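Notes follow the structure.
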Amino acid sequence: MAPGIELTDLDSLPPPDGGYVTRVQPGDQLEITVLNSEPLSGTYIVDDRGNLDFPLIGPINVEGESATGVGKIIAQHLEGRFLRDPNVSVIPAELSQPTVSVGGEVEKPGAYPARLSRTLARAINNAGGLADYAKTDDVVVMRTVGDTTYIGVYNIEAIQRGNYPDPRIYADDIVTVGDSPARRRLETILQFVPLLTSSAILIDRIGN
């Protein structure tokens, strides 16, 4: 019922267009070569704001661009003003590794290498496995393909039992394990077991 959300009849989330393209992030180190212009060629570091301070041009924002995209941006700034037909190549000397974000009710939420998290079960295992209050039938995977964000909901317990195939996970996917209020409530009740009768606990369970 959320605005802008439409239910589809897809059996699985579509894969990203053309696979994963590594994007430039703050702190990345780039080897930039401008053909026949040695003074402009060298190693450059992207600052904390995602800017690259390039000679003659000054700071340009390159965060989120591919290496090829950075080369095109530099060439566009150089062309006509400083060089007639600039040929710019960019090679990542030190680039952030593609990751999968895993959060919610897992033991160790965080970003994990995509190459080690190729399926949903593996991604959750990399994050230390399910936490105590995980809602196993409410595991959400968010993936952006083009201009569309897809959201898939999975039952990780059924997947781990082999009832369903383990879905493929790609770089930049966001995995969130839901919280189970019922488990939290049950644990709270069990803390008071010595003070309650068994019938009182049974009535509470039936009522919920």
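The alpha carbon radius of gyration of the range 82-184, expressed as a multiple of 2.2 N^0.38 Å, is 1.39.
The range 118-153 and the range 68-89 have Cα centres separated by 41 Å. Largest accessible area first, the listed residues Tyr150, Tyr44 line up as Tyr150, Tyr44 when surface is computed with a 1.4 Å probe on the assembled protein chains.
Computed from the C-beta positions of Thr68 and Asp147, the FRET efficiency with R₀ = 22 Å rounds to 0.60.
Packing, as the average of other Cβ atoms within 10 Å across residues, places the peptides 35-42, 155-162 in the order 155-162, 35-42, highest first.
Would you work out the relative contact order for the range 120-162, in percent, from Cα pairs under 8 angstrom that are 6 or more residues apart? With pairs under 8 Å counted, the relative contact order is 37 percent.
Run the numbers on the range 26-93 and let me know its relative contact order in percent, using alpha-carbon pairs under 8 Å that are six or more apart. Don't skip to the end; give the middle numbers.
Values: 108 pairs, mean separation 24.8, N = 68.
Reported relative contact order: 36 percent.
Here the dipole of the range 83-178 is about 280 debye; that uses its Cα centre as origin and unit charges on the Cβ of Lys and Arg (positive) and Asp and Glu (negative).
The values are calculated or read from the model by the stated rules, or taken from the named source; none is laboratory data. Because the structure is predicted, anything quoted here is derived from the model rather than measured. Heads up, the Cβs are rebuilt from the backbone with ideal geometry, glycines too, and the neighbour counts pull from every protein chain shown. Protein only, heavy atoms only, side chains kept; ligands, DNA and RNA dropped before computing areas. Shrake-Rupley method; radii C 1.70, N 1.55, O 1.52, S 1.80 Å.
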